[in-house]
1. Of Lys45/Lys139; Lys299/Lys508; Lys314/Lys465; Lys187/Lys537, which ones are farther than 28 Å apart at the Cα?
2. Tell me, what HN-Hα J-couplings in whole Hz come from the Karplus equation 6.51 cos²θ - 1.76 cosθ + 1.60 at θ = phi - 60° for each residue of the range 551-562, using x for Gly and Pro?
3. What distance in nm separates the two pseudo spin-label positions at Asn583 and Ser163, each 7 Å out from Cα along the beta-carbon direction?
4. Please work out how much length the chain gains when fully extended from Glu130 to Glu379, using 0.36 nm per residue of separation minus the C-alpha to C-alpha distance, in nm with one decimal.
5. May I ask you to list the residues of the range 502-532 whose amide nitrogen lies under 13 Å from a point 7 Å from Cα along the Cα→beta-carbon direction of Phe491?
6. How far apart, in nm, are the 7 Å Cα→Cβ label points at Asn308 and Arg345?
7. Applying the Karplus parametrisation 6.51 cos²θ - 1.76 cosθ + 1.60 with θ = phi - 60° to the phi angles of the range 33-38, what ³J(HN,Hα) value in whole Hz is obtained for each residue in order, glycine and proline being reported as x?
8. Using alpha carbon centroids, what distance separates the range 337-365 and the range 119-175, in Å?
Amino acid sequence: MLLKMDLVFAVLVLACLQSFVLPDSQGVALFSLRKSLNISPNQLKDWNADQINPCSWSNVKCDRNNNNVVSVILAHIGFSGILSPELGALKNLQTLSLQGNGITGEIPKEFGNLISLSTLNLENNNLHGEIPASFGNLKNLHFLNLNNNNLSDTIPASLSSLSNLISLQLASNVLMGQIPEQLFSVKTYNFTRNHLNCGVILPHPCATDIYGSGAKSKPKLGIIVGLLVGLTILLLLGGLLYFTGKRRHKGFKREVFEDVPGDQRIAFGQLIRFSWRELQLATDNFSEKHVLGQGGFGKVYKGVLSDNTEVAVKRLTDYERPGGDAAFQREVEMISVAVHRNLLRLIGFCTTPTERLLVYPFMQNLSVADRLREIKPGEPVLDWPTRRQVAFGTARGLEYLHEHCNPKIIHRDVKAANVLLDEDFEAVVGDFGLAKLVDVRKTNVTTEVRGTMGHIAPEYLSTGKSSEKTDVFGYGIMLLELVTGQRTVDFSRLEEDDDLFLLDHVKKLEREKRLDAIVDRNLNDSFNVQEVEMMIKVALLCTQESPEDRPLMSGVVRMLEGDGLAERWEEWQNVEVARRQQNERLQRRFDQGEDSVCNQDAIKLFGER
């Protein structure tokens, strides 16, 4: 009897346990972050401890297949408090962006458990303590940004094991000691404004500032200790100035600005300050035969440096900006911080009293515009999978400029000619941020509105005021270039009684459901119909007349992935039909009343005489 009662009791306990739903461990970890950051009651209201699934919370993105949290972006919101170590439980987290807040305390060592993490951005906070050695466990990490904090101690050697690291940003901390040699192989790095030791070999790709100890050299044999110590130090300092004032030896990265006095020496990590003579020789005295292209900001020349590195040199025109070299260098530094696989990397620059030049890697496959419309005999056209890849890559690059840079960067001239193609035909957005480097008030050569006719958003053209939505408009036009292969303004279309502008031309054909007349004939019907229709829809949503109606670039990326496109397209069609009907009514009313208005004016004028 007793055994039977025990069995009944066990069954009841099991039933009670099953009636409770255990909280989601991801939600628990995120809610612990909310509590630790001292968030006000009015912020992140939907982060509810009683809600099991955090995938519906704001600023949180999940994998739709398995509801794993993959992205948490809480940038520039003004939080304080500390980082919760419980966040380390998010094993599937790929992006964690907490930059631009007032977060204090140390970085929890538990962050080393975020094994899926690809991007970690803690820039512009008040974090102190050491960089956790556990970061060496983040084997999938591509971007690590800890700039502008109060992190101290040494750079952990474990970071050297991060073979997938693309960008390492540790500037403006109080780090000290030796920089691990392997970290200089990272594609983009910045160690400036720390107390770091550059290394033991001259010349070394050092990235320290006036507070760093600089590069050390081995003592020279045969120097007598004592009376000659002072002379030895002078020789070493002279050698240091000589080597850092010259271009680096082949095989080394060049990091320190040239021609800068030793007591004011500065460095921007991966940037080089080239001499005018070096770029003059590289471009054969800026010969016209080396011109790659020309736009509103100046000409671009192909150049070959003395170590046979191929570069593209942009010679800015119409340059007139207060502050001279110092202002230009600050703007260049800001642009160089924008590091993304779909943004063109800035190698360096050159300034003289009358010249401003920027140096970029040379792209063998040139621009999307070249591959669409300047095809040489025997060259293959851009196939449809590559065009789709370009659309995605460009969108992600612009999303980064608009939503992940502080301050945001507006391109102002998004078009196929400014999207370059790397060796893998991956899209690389160029010329971003150039509008900040030139004086847009100067009008004797170019107008205040920077851009290319057919790509310029209507509000920018009429007011001169730009925003990220002007870039969205330009991106939409670029999508139409990808689909059609045509120029945005084509006078030959007028001969066929058609529209001058590509946008109007595509709108008309889309209304008529003439997809075959829209798609580039060079594709020879080798394209995915559903993907073409999707791209046209996204393009037309991006090019709506009102900037408020256009999506953000993050929304564009989601629509290209198929998320939310159908709903927005249906809304747009309803608005577009109503707008077109209203325009037709106004046109009919104008046509019917035009003669009578003219006659009344004529009678009035006659009477007054």
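Read the figures in this text as sums done on the coordinates, not as results from a lab. Computed from a prediction, not measured in an experiment: that's the story for all the values here. When we count neighbours, we look across all protein chains shown, and the Cβ atoms used for this are built from the backbone with ideal geometry, even at glycine.
1. Among Lys45/Lys139; Lys299/Lys508; Lys314/Lys465; Lys187/Lys537, the Cα-Cα distance tops 28 Å for Lys45/Lys139; Lys299/Lys508; Lys187/Lys537.
2. Result, ordered by residue: x, 6, 5, 5, x, 4, 4, 5, 5, 4, 7, x Hz.
3. 5.7
4. Full extension from Glu130 to Glu379 adds 84.3 nm.
5. The answer is none.
6. 2.0
7. 5, 4, 5, 6, 8, 6
8. Going from one Cα centre to the other spans 25 Å.
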